[in-house]
1. Could you tell me what percent of the accessible area of region 35-100 is made up of carbon and sulfur, with a 1.4 Å probe and every protein chain present?
2. Percent antiparallel among DSSP beta bridges with both residues in the chain, to the nearest 5?
3. Could you pull out every one of the aspartates and glutamates with an alpha carbon less than 20 Å from that of K115, ignoring same-chain neighbours closer than 8 positions?
4. Taking the Cβ of P60 as the center, what net charge do the other residues with Cβ under 14 Å away carry, scoring Lys and Arg +1 and Asp and Glu -1?
5. Enumerate the residues in region 54-88 having an amide nitrogen under 20 Å from the point lying 7 Å beyond the Cα of R31 toward its Cβ.
6. Can you give the direction-averaged projected area of the convex hull of the alpha-carbon atoms in region 94-155, in nm²?
7. Based on the Cβ-Cβ distance from Y17 to A72, what FRET efficiency comes out when R0 is 35 Å, to the nearest 0.05?
8. Using Cα positions and a limit of under 14 Å, work out the aspartates and glutamates in reach of K126, with same-chain residues fewer than 8 apart set aside.
Amino acid sequence: YVIPAFTGIGAPHWDPYARGAILGLTRGSERAHIVRATLEAIAYQSMDVIQAMREDTSLPIREIRVDGGASANNFLMQFQADLLDAPVLRSANVESTAFGAACLAGLGAKLFRGKAELPALGEYTKFPSQMPENERAQKIEGWRRALRQVLNKET
């Protein structure tokens, strides 16, 4: 596991003293293992935030819509869907947040007369959850154990 917390870890753990770690290395570990663990860490940290949202709102998460540079990685998107047990939808425009902000600016500047004139985002690639529940639970427990190693909380 890679815990990328070089200057602390944010939501939902809020530990400014947490430090990054690479756990579980063996003599057989190679660069590809560290790269994969880094991508998995992104998904695990997102999972922690989304689970906190689920707990705070008591609302189910039916799907996750993603954009940004990291969303171009198919492995990351599939792993995120598997951890959350919810489909992940990636827009054809991986910069849809910036696109939306530009559309809102265009509305504000009266470049468009209304929402109907806004250009469409395009199609989505759907990553359905495929991981069996027992495997998901094992992976999440492994993440929790690794996270406890770096959090600076007294037990």
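1. Numbers: 1810 of 3220 Å².
It is 56 percent, rounded to a whole number.
2. Details: 7 of 11 bridges.
About 65 percent, rounded to the nearest 5.
3. Those aspartates and glutamates meeting the cut-off are E95, E123.
4. Details: positive: R54, R62; negative: E55, D56, E63, D85.
Around P60, the surrounding residues sum to -2.
5. Correct set: 73-76.
6. Numbers: hull surface 34.0 nm².
Taking a quarter of the hull surface, the average projection is 8.5 nm².
7. Working: r = 33 Å, r/R0 = 0.94.
The value I calculate is 0.60.
8. E63, D67, D82, D85
The values are calculated or read from the model by the stated rules, or taken from the named source; none is laboratory data. As the structure is a prediction and not an experimental result, all values here were calculated from the model. Glycine gets a Cβ as well: all are built from the backbone with ideal geometry, and neighbour counts include every protein chain shown. The protein model used for the area step is the full one, side chains on, heavy atoms only, and it has no ligands, DNA or RNA in it. Shrake-Rupley method; radii C 1.70, N 1.55, O 1.52, S 1.80 Å.
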